[in-house]
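The values are calculated or read from the model by the stated rules, or taken from the named source; none is laboratory data. Note that the structure is a prediction, hence the values are computed from the model and not measured. Cβ sites come from the backbone with ideal geometry, for glycine too, and all protein chains shown count toward neighbours. Quick note on the areas: whole protein, heavy atoms, side chains included, nothing else; ligands and nucleic acids left out. Shrake-Rupley method; radii C 1.70, N 1.55, O 1.52, S 1.80 Å.
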Amino acid sequence: MPSPAPRRGSAAASAEAKPLSPMASRLARLQGGPSQQAIVDELRRVILTGDVPPGTIIPLDEVAAAFAVSLIPVRESLKVLIGEGLVTHRARAGYTVALLTRTELQELYVARGVLENAVLAVAVAVAEPADHRVAAEAHARLGTALQDGDHRAYHRESRRFHFALAAPARMRRLEAMVESAWNLTEPYRPMSSISDAERGLLHADHQVMLDAFTAGDTGALLTAASTHHDRLLSAVAALRETTPSVPDPAG
């Protein structure tokens, strides 16, 4: 159980007068003495949305105040996220959202492509009409986001579409590895930086993938998925190189 909220003395009141950090300002206020798992889930959610860039400082005191708990469950929650590769900790710099180099991002996308293809090869062979409907609905939401020019929604719905294609395989361990690779790259949201023309090509890939999936055509699905991953790799290669330093949160 989380410890009681810290007492609010003059120091706390002074802290409340300052603008909240990027991380603390985006946390949802959890009611009723949140469990450690709830804290982990909320911290993870904020990181995966990409609202706090890699390298963003995670101030323990502000996070604890946001959740009305002591520092202990916050530290324990951050340890979980360190294990997932989403958070890093350095003695002098404290906790930050994990920062990857462009090369590391490229490696993760390569790994993700290989893992996804392994799952898709099984999924397409066992998918049933209900699975086809779920994938088609996910693709429709993706199309709506594209038409609306909502890049955040497009990024979110793209993930849902990919996972809808993989779900019929029911390969839980392999799917967890795919999800881990996705999560590590999510804070960078490279698809938010590409041109409308490039986004259109990616969406065309999605249509080909959906058609192959619903037709039960393994070869066509894997070919389309490989083409799609090559485009993603090109987008990642075009990103500005990141360095292992902590950016100015106000920048």
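In segment 151-172, the qualifying residues are those that are open to solvent by 70 Å² or more (accessible area, probe 1.4 Å) and more than 17 Å from the chain's Cα centre (by Cα), and the one that is nearest to LEU48 (Cα to Cα) is ARG172. A search for C-beta distances below 8 Å between a residue of segment 184-207 that is without any contact (Cβ under 8 Å) to a residue 60 or more places away in the chain and any residue that is basic (Lys, Arg) and open to solvent by 20 Å² or more (accessible area, probe 1.4 Å), counting only pairs 6+ apart in sequence or on different chains, returns GLU198/ARG231; LEU201/ARG231; LEU202/ARG231; ASP205/ARG231.
Once segment 232-243 is narrowed to residues that are loosely packed, with under 14 Cβ neighbours inside 10 Å and more than 13 Å from SER193 (Cα to Cα), the residue that is modelled with the lowest pLDDT is THR243. The one condition from (1) at pLDDT 95 or above; (2) open to solvent by less than 40 Å² (accessible area, probe 1.4 Å); (3) within 20 Å of VAL110 (Cα to Cα) that ILE194 does not meet is (1).
In the condition set (1) under 20 Å from ASP51 (Cα atoms); (2) touching a helix residue (DSSP H, G or I) at 6+ places or on another chain (Cβ under 6 Å); (3) in a helix (DSSP H, G or I), ALA138 is compliant with all but (1). Taken over segment 47-68, the criterion of being open to solvent by less than 10 Å² (accessible area, probe 1.4 Å) and more than 12 Å from PRO187 (Cβ to Cβ) is satisfied by ILE58, VAL63, ALA64, PHE67.
ARG44 meets the conditions (1) part of a helix (DSSP H, G or I); (2) surrounded by fewer than 19 Cβ atoms within 10 Å (Cβ to Cβ); (3) more than 17 Å from the chain's Cα centre (by Cα) in every case but one. The failed one is (3).
Among the residues making up segment 111-135, those that are under 17 Å from HIS229 (Cβ atoms) and either in contact with a helix residue (DSSP H, G or I) (Cβ under 7 Å, 6 or more places away or on another chain) or aromatic (Phe, Trp, Tyr) (or both) are ALA111, ARG112, GLY113, LEU115, GLU116, ASN117, ALA118, VAL119, LEU120, ALA121, ALA123, VAL124. Any residue at all in segment 74-84 that is outside any loop (DSSP other than H, G, I, E, B), modelled with pLDDT under 95 and surrounded by 20 or more Cβ atoms within 10 Å (Cβ to Cβ)? No, the conditions are met nowhere in segment 74-84.
Restricting attention to segment 206-223, does a residue exist that is in a helix (DSSP H, G or I), open to solvent by 50 Å² or more (accessible area, probe 1.4 Å) and under 26 Å from LEU99 (Cα atoms)? So far as segment 206-223 goes, no, none of its residues is in a helix (DSSP H, G or I), open to solvent by 50 Å² or more (accessible area, probe 1.4 Å) and under 26 Å from LEU99 (Cα atoms).
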